[in-house]
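Here is the structure we will look at, set down as structure tokens.
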Amino acid sequence: MEKFEENPTDLIIGVRKFTNEIPARSQFGNVLTSKLVKLLTHQNISDTQTGLRIIPHQYVDQLIEFPGDRFEFEFDMLLQARKYDVKVIEQPIPTIYLDGNKSSHFRVVRDSLAIYARFFKFAGSGIISFIVDIALFEGIILLMGNHVLDSIILATVISRALSAVVNYTLDHRVVFNGGGRQTFIKYGALFIVQMILSGYLTDLVTNWLPHNGNSIAPMLAKMMVDFTLFIISYQIQKDFIFKKDTEVNYAKNQES
């Protein structure tokens, strides 16, 4: 309460210090989820599963629109805080567990799957479109029998165009639940830029890799380049292309 009085617009969370005395079920997933939160939100949150929180009033109106419940909802609260300019502040708390924390309501398998559902869906979408992209790219390179720049660009254009259709459909309907406006145009612009970068960067990396006239070098180069572009693409899709109307309206209200 004292921490919240000092920071009335921030989300205050009571964080546990994880030591060997903390039950294993209470530590489950915290290391991994903390890394994911840091990657996606650029915020260091040491205890992502703590339920002891003080929520600022301006964040409440947004939270009631969030899907899901239980630990999935609490995890989403941390993931989305940055979008609404809500800073997360940690307050260390003394932690005492009775009988190995048997009273915990955390269902290890079910709640963990719910927490990671968003990552599973996006990863699945990316893997499917990645397989389509790589398979078509390698097939075209083999048919053309060389890996000069023109062949790489042509193979990249064809494989990326077909895999983009798969990726857009899955991301829009499954991963981001149909959010955003004019998504096809925005995604198309991202697709063109990403495709051009993929082609030229793949050619650049191919020339760096040792090869003896085979098609393995450009395939490896493409995998490295596209994985990097994949991470960047996710951030752009999440924060710009498929951003839900509630998030856009909130940003406009903040500006006005």
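Note on residue 228 and residue 121: their simple-model spin labels are 3.0 nm apart, each label 7 Å out from Cα toward Cβ.
In terms of distances greater than 21 angstrom between alpha carbons, the cross-link table entries 87/186; 35/87; 186/243; 38/83 yield 87/186. A 1.4 Å probe, protein heavy atoms only, puts the accessible area of residue 57 near 150 Å².
The values are calculated or read from the model by the stated rules, or taken from the named source; none is laboratory data. Owing to the predicted nature of the structure, the values given are computational and were not obtained by experimental measurement. Please note: Cβ atoms are built from the backbone with ideal geometry, for glycine as well, and neighbour counts cover all protein chains shown. Accessible surface is based on the protein model in full, side chains and every heavy atom, while ligands, DNA and RNA are left aside. Shrake-Rupley method; radii C 1.70, N 1.55, O 1.52, S 1.80 Å.
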